[in-house]
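The values are calculated or read from the model by the stated rules, or taken from the named source; none is laboratory data. The shown structure was predicted, so the numbers you read here are calculated from the model rather than taken from an experiment. Backbone-built Cβ (ideal geometry, glycine too); neighbour counts: all protein chains shown. SASA here: full protein model, heavy atoms, side chains in, ligands and nucleic acids out. Shrake-Rupley method; radii C 1.70, N 1.55, O 1.52, S 1.80 Å.
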Amino acid sequence: MDQECTENDQGPPHPKAEVAGQPRYDVAISFLSRDEPIALEVLAKLSPQLSVFVYSKAQEELAGTDGLESLRESFLLNASLVTVLYRDGWGQTPWTRIEESAIKDKCLQEGWDRLLFVSLDESSTPPTWLPRTELRLNLPEYGIEQLVGAAKMRVQSLRGQIRRETVLDR
């Protein structure tokens, strides 16, 4: 997230109960502030079944901590899957630079299957560090529903659990 956060009717993320050796979140989403509405839509669709980290919704959790370290840990250590909502400019703001560094380290340490890279427009050039062999989802072509499905499938392949939505969750 590259700018101050705004309020929205989505509640804070619901982290999984901490289990030794297990990441706190199923998915962490990195994005530019202008793309926050897309991130919040993905959060709304994933959160009934998965624990999702979106910086703007984790302010209470991050308050009183070293913001740089806490943000870095959210992507590097505390998420099974990292989703990048990408357009030119991502990785070039102070906050997305921190996120990008953590994401690169995560991929190098744990493998590229920990990354779901989403192009938000067709004119943006993906970063040079992203291997050409890695799956890239083109949001204009596939849409939010298929992005959500791809995230769920990737979490399951990483041995994550998908909670079944109940009537009470709605």
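Yes or no: Arg72 of a type in the set (D, E, K, R), in a helix (DSSP H, G or I), open to solvent by 50 Å² or more (accessible area, probe 1.4 Å) and under 13 Å from Leu32 (Cα atoms)? No: the conditions fail for Arg72.
Exactly one residue out of Asp113, Asp66, Asp88, Asp169 is at pLDDT 95 or above, among the acidic types (Asp, Glu) and open to solvent by 40 Å² or more (accessible area, probe 1.4 Å): that is Asp88. Taken together, the criteria exclude Glu100 from residues that are open to solvent by 80 Å² or more (accessible area, probe 1.4 Å), in a helix (DSSP H, G or I) and of a type outside the set (A, V, I, L, M). When every residue of the range 127-147 is checked against the conditions, at least one turns out to be surrounded by 13 or more Cβ atoms within 10 Å (Cβ to Cβ), in contact (Cβ under 8 Å) with a residue 24 or more places away in the chain, over 18 Å from Gly89 (Cα atoms) and within 16 Å of the chain's Cα centre (by Cα).
Within the range 64-79, residues that are closer than 21 Å to Leu116 by Cα and among the basic types (Lys, Arg) sit with their Cβ atoms under 6 Å from residues that are in a helix (DSSP H, G or I) and modelled with pLDDT of 90 or more, at 6+ positions apart or across chains, in these pairs: Arg72/Ile98; Arg72/Ala102.
Entry remark, the range 27-51: residues being closer than 22 Å to Glu100 by Cα and modelled with pLDDT under 95 number 1 in total.
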